[in-house]
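No value in this document is a laboratory result; all are computed from the given coordinates. Just so we're clear, the structure is a prediction, and the values are computed from it rather than from any experiment. All Cβ positions, even for glycine, are placed from backbone atoms using ideal geometry, and neighbour counts span all protein chains on display.
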Amino acid sequence: MVSARPAVQSLPAYRPGRNPADLAREIGVERAVKLASNEVAFPPLPAVVEAIAAAAGETHRYPDNGAVVLTGALARRYGVDPAQVVTGCGAVMLCQQVAQSFTDPGTAMAFAWRSFEMYPLLARVAGARAVQVPLVPGRPGGSADTHDLGALAAAVDDDTRVVFVCNPNNPTGTAVRRAPLERFLDAVPADTLVVLDEAYREFVTDPDVPDGLELMRGRPNVAVLRTFSKAWGLAGLRVGYLVAEDPAVADAVRRTHVPFSVSTLAQAAAVAALASEEEVRRRVAAVTAERERLAAELRGRGLEVSDSQANFVWLPVGEQAADLAAALESRAVITRPFAGEGIRVTVGTPEEDDVFLDALDRVRPAATVG
Ligand SMILES: *Cc1c(COP(=O)(O)O)cnc(C)c1O
C-alpha cells in the first residue's frame, strides 16, 4: 500500500464551509446568509463580467504564463517595476511559493498565532518548523487579538527564513500601527524574509496603519502580499500578487510558480477590476461603514468585539464559539468558528447583517454569551 509523507498525513482533512443553499434546504428556509469567507457581498463589477465574456473566446489557449498585462498594470498602479511583481493563483498559492522558495527542511517560519490558517500548514508541508508567537490583548483587559511584534522579533533566530505578518490579522481583524511595525522591520535580520500579508489592506481606515508597499521601500527583505479575492471581488477567479522590494525575491517566488496557474479569465478580470478602482473604492467605503455599524450593534449588546480594520469582525467568545456558530447556523446564518477561541463574522450587506444580529439575539440566551 502506498502512503503519503507523514507531514501530509498529519494535515487536517479539508472541510468545506457550509454551502448556504444546502443549509437553507436542510432547515427549510428560503435563504441562508453566508458570512464565513470574507468575500464582499457585491456582485462582480460590470467591467469584470465584460472582460470575462471577451476572454472566453481565448480559453482554448494556455494563459500568458508571465501575466504580462496584469503585472504591468499592477506595477503602474503601485509605482514599482514589473520585475518586483509576481502574480499567483490566489495569494494563498503565493504563500506556498514563498514557503517553497525560501525554506528548507529544518529551517523555521515564524508568525503570530492565531493568524491565517494556511501558515502552519505550509510550514508543515515544507518540513519547516512553525514558530507561533501568541497574540496579546489589543486593549487593556481585552482578549488576545493583536500581534506581539516585540515577541515575534525575538522569536526570529538564525534558522528563521520567513516571517509572516498578517496585517490586518485574519481572523481577529486587528492591525499593527506604523511605529511598532517599523521597529519590527528594523529588528529582523537582513537575511530573513518578512512577508506582510495585506489581503485586507483595502479595508484599512486608520491612517496610522501603514501601507506595506510604502514601508517596504529601502528594505530588500520585505515583500507584500495582496489579493483580488476580497475588496476587488474576484474570489472565484483566484488571483493574488506579491510585490517585493528586491526583484531577486520576486524572481525566487516566480521559480516555484505552477505553470499557467493564473487563468486567462482571472488575468483579464483582474486587469478590468484595477481599471474600475473608483467603483471598488465606493464599495469598500460601504463595507467599512457597515463594519462600524455592525461592531457598534454588537458592542451595544454587551459583547466584546476586537477593533477591526478588515471586512469582518471577531467575537472572542472562547469556549462558546462552536456552540454559538452551530446555533446561528440553525437560524440560517453561517459564520466561521474557531473552536475555543471565537467566531469570525464577515461584514455582509446591512440586510444580511441584520439577519445575523436577529439570529444572535434569538440564540444568545441559549448560548449565554457575554
Ligand atoms: C483570504 C486571504 C488570503 C488570500 O486569499 P486568495 O483568495 O488565495 O487570494 C491571504 N491571506 C489572508 C490572511 C487571507 O485572509
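Quick notes on this structure:
- Farthest toward positive dipole pole in the chain [+1 Lys/Arg, -1 Asp/Glu at C-beta], among Ile343, Gly88, Phe260: Phe260
- Within the chain: Cβ-based charge dipole about Cα centre, in debye rounded to nearest 20 (Lys, Arg +1; Asp, Glu -1): 500 debye
- Of all DSSP beta bridges in the chain, antiparallel share, percent nearest 5: 45 percent
- Placing dummy labels 7 Å off each Cα toward the beta-carbon, the span from Ala21 to Ala322 is 3.0 nm.
- FRET efficiency, 1/(1 + (r/R0)^6) with R0 30 Å, evaluated for Phe260 and Arg5 via beta carbons: 0.70
- Dipole in debye (nearest 20) - region 76-209, about Cα centre, beta carbon charges: Lys, Arg +1; Asp, Glu -1: 260 debye
- Furthest towards positive pole of dipole, Gly127, Val204, Ser308, structure part the chain, Cβ charges: Gly127
- Measuring max minus min along each principal axis, the C-alpha atoms of the chain give extents of 57, 56, 52 Å (largest first).
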